[in-house]
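The values are calculated or read from the model by the stated rules, or taken from the named source; none is laboratory data. A quick note: this is a predicted structure, and the numbers were derived from the prediction, not measured. Quick reminder, even Gly has a Cβ in these numbers, built from the backbone with ideal geometry, and neighbours come from all protein chains shown. Only protein heavy atoms, including side chains, enter the accessible area calculation; ligands, DNA and RNA are left aside. Shrake-Rupley method; radii C 1.70, N 1.55, O 1.52, S 1.80 Å.
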Amino acid sequence: MEELDVEPAEISIPGFGKQNIGFSWGPGELLLYETPDKSKDAHSIFELKNVRRSIPNLCPFMYIVSNDEDLYSHVLRKLFNESHSIFVNLQKSEEESSSRTRKAELVQVSKHYRSVLRACMLDMLSLRDSTRDVTQNAKYSEQLSILSAMELCWSLCEILFVEAATAGSLLILLLDWVRAHVSEVDNIVQDVLQSESPPQHDRFWDAITGLVLQGRIDEARQLLAKEAAASLENRSMCRALDDLMKKMPVLNSTGSQTLTEFELKWQHWQEVCARHLQEGTFASCQHMETICQVLLGDEETLLLKKDLMATWYHFLVSRLLFNYPTVKPTELHAFAQVCLNLFSASESDPEPLDSILLAAFELDIHQVIKEFSFVSNNWWFVAHLTDLLDHCQLFQTHSLYFGANMREYLLLEYASGLFSHHSLWQLAVDYLDHCPELGRVYLELLIERIPLTTEKKALKALRICEQRQMTEQVRSICKTMSMQALRNNRLGSALSWSIRAKDAAFATLISDRFLKDYCERGKFSDLDLIDNLGPAMLLSDRLTFLGKYREFHRLYNEQEFHEAARLLLSLMTARIAPGYFWFSLLLDSLPLLEQQQVIFSSEQTYQLMQCLEDKIAVMPGSVTLHEHQLQDGNTETTKIDMLRLALARNLARAIVKEGTLQA
């Protein structure tokens, strides 16, 4: 926990008497301060969406309310990263697909999302099983249950909304859904098959019944064949039951038979099942008789075997399989509510997951999103599912009261959460780019809140802003980085950032630092930057002077003395040099004045003399420079005398030379 710069302010919370709570925002956290006189009721005000609380043991009256911790989970970061590419590709493909192929593409996108979810579930399961820490184990278990609920609900929404399955194919998909999410039967079958004598296993008939309840008839027949081979007295009954299961009409997704044809076959097959029960074909084997009753769809028998189905939605699909195989999507909700009531047999309110599934069976996608938003600890599920369903054109008429539609609102919330993470914020940019109404506004506000801890991170943010022509944000980032570099005395970096920000005032300040640094050390730092300023030196007069002064040194070092002299004189006469640097410019002329050849003409020498006198002349409201130098010692006075002497000698030489040339 970071220390606060000041004591947190105490505020009175209405409704909690004299309860005082102070707070202070940190990077992604809220630090709360409670007075010792605290009330249990006060905690309820902090039970917010996407917020978790941890209480430090050493400070019982200090609370840290932190942002979504899922952002800092290694496994869930994998979910966020991989789903980001699926989201971006979905937005790009929107205009490229024809309406004929669009549905198949959206189903494939949905499956991609679910495959990423399942991969994260496996990673989380591995972490949970490998850790010995009780707290961490509980945390992983909680996250695993949330991921499982996400995948369960997503796959159901895929069936009902993305594929929009119709009567016939609907039950086939629901059976696949149950088989994928209810594994109790597989565990029983595995135990039975691994035993030395499967028919003698105490759960042998539970395994067959469980397979039948999931519509896995072929697997049930294979197990039943083991009983027929092991027991002579039950062989005839096994054959009769096997014949019933073999002839069970099965819907196919190819559309080779109509629903009417299937219903006629189904009715005839169930009459055969009922006849066997009436004739007592399986009377001597209670297990086989129970299976036949299941095939007939007897509700009492189904309820007796609910322990093999584990969940009410498994019970729902099994009931539909043997009673209403041609159920329509619009009929699901009534069956679902009845099955939930029968299966739970309690008057308590349904669990949150039950409410979500009921809303899906009711085909109320808005309620699904709402319910999941309440129970989920992050916005990933609702944001991506809503976006996918929006591409299915299921949200076209649904707008929120403040203008943005539901898709955009949820994407904005999800992206805002990503921005609080040190690396995931880059993913958030693409989500905001696809929010047409408020996305750019959010991006402009959030990008400025990113802590620019490194230049690499700043360059990434800068590139994002430049690509989107966010001029003010570009300027803000550059100013921030320039100030950081200046504080660390990295003048070259500071000047580079200020030039990029096109900040003339700050460029002037840094140029002054360069010149003062030169006065102290006698040389420039970051020569490569100064030598390659180019047109950027025109940003401010001081920067122009810095660039030209460095150019003077380059010309002098290359022994281009006449060019160097003209440039030096122009710098003095242009009056763009800072006052504290004028005397240094005059001293720079000394080596040129002492050259064997005459560098400065008489006219130029007169100009230099005038510049020198201007520097030591009395300025309004101040002492003369000469008096100031005398106060500091004889060194500066000596330099002035040397300058005067050099100028006089050069003037004489220049006059003689010019007179000779004229003669």
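Among 575-584, 501-510, what's the highest-first ranking by average C-beta atoms within 10 angstrom per residue?
Working: 575-584: 15.4, 501-510: 19.0.
Answer by packing, highest mean first, reads 501-510, 575-584.
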Inset, instruction - On each of the three principal axes of the Cα atoms of the stretch 148-199, give max minus min coordinate, whole Å, ordered largest first. - result: 46, 26, 8
Legend entry - Carbon plus sulfur fraction of accessible area for the stretch 121-163, probe 1.4 Å, in percent: 52
Inset, instruction - Quick one: give the max-minus-min coordinate of the C-alpha atoms of the stretch 481-549 along each principal axis, largest first, in Å. - result: 28, 26, 19
Inset, instruction - Could you compute the FRET efficiency for D517 and K103, with r as their C-beta to C-beta distance and R0 at 56 Å, rounded to 0.05? - result: 0.25
Inset, instruction - Work out, step by step, the length gained on full extension between S525 and E472: first 0.36 nm times the residue separation, then minus their alpha carbon distance; give nm to one decimal. - result: 16.1 nm
Legend entry - lysines with Cα under 17 Å of K460, excluding same-chain neighbours fewer than 8 positions away: K479
Legend entry - Inter-probe distance in nm under a simple model that places probes 7 Å from Cα toward Cβ, at N252 and D186: 2.7
Inset, instruction - Whenever you get a sec, compute what percent of the accessible area on the stretch 333-387 sits on carbon and sulfur atoms (1.4 Å probe). - result: 54
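If R₀ is 56 angstrom, what is the calculated FRET efficiency for the pair K456 and S141, using the beta carbon separation as r and rounding to 0.05? Before the final figure, lay out the partial values.
Values: r = 37 Å, r/R0 = 0.67.
It comes out at approximately 0.90.
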Legend entry - Average accessible area per residue (Å²) across the stretch 168-227 - probe 1.4 Å, nucleic acids and ligands excluded: 43
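Does the stretch 136-244 classify as rounded, prolate or oblate by the C-alpha gyration tensor (a ≥ b ≥ c root eigenvalues; a/c under 1.5 gives rounded; else a/b over b/c gives prolate, otherwise oblate)? Kindly include the intermediate steps, with their values, before the conclusion.
Values: a/c = 5.32, a/b = 1.56, b/c = 3.42.
Since a/c reaches 1.5 but b/c is at least a/b, the shape of the stretch 136-244 is classed as oblate.
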Legend entry - Those lysines that a straight Cα-Cα span of less than 22 Å connects to K615, excepting residues fewer than 8 apart in one chain: K516, K548, K639
Legend entry - Net length gained if the chain between S195 and R566 were fully extended (0.36 nm per residue, minus Cα distance): 123.3 nm
Inset, instruction - On the full set of protein chains, 1.4 Å probe, figure out the accessible area of S130 and give it in Å² to the nearest 10. - result: 80
Legend entry - Förster radius 45 Å - calculated FRET efficiency between A230 and D364 (Cβ-Cβ, nearest 0.05): 0.30
Legend entry - More than 27 angstrom apart: percent of Cα pairs within the stretch 233-385: 39
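List the relative contact order of the stretch 275-413 as a percent without decimals, with contacts defined as Cα pairs under 8 Å and 6+ residues apart.
Values: 96 pairs, mean separation 19.2, N = 139.
With pairs under 8 Å counted, the relative contact order is 14 percent.
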Legend entry - Spacing of the two label points (7 Å from each Cα toward its C-beta) at T635 and K502, in nm: 4.4
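Relative contact order of the stretch 106-170, please, whole-number percent, based on alpha carbon pairs below 8 angstrom and at least 6 residues apart. Let's see the in-between values first.
Numbers: 33 pairs, mean separation 26.2, N = 65.
So the answer I get is 40 percent.
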Legend entry - E658-N488 pseudo-label distance in nm [points 7 Å out on the Cα-to-Cβ vector]: 5.4
Legend entry - Reachable lysines, given that their alpha-carbon falls under 19 Å from the alpha-carbon of K265 and they are not under 8 places away in the same chain: K246, K247, K328
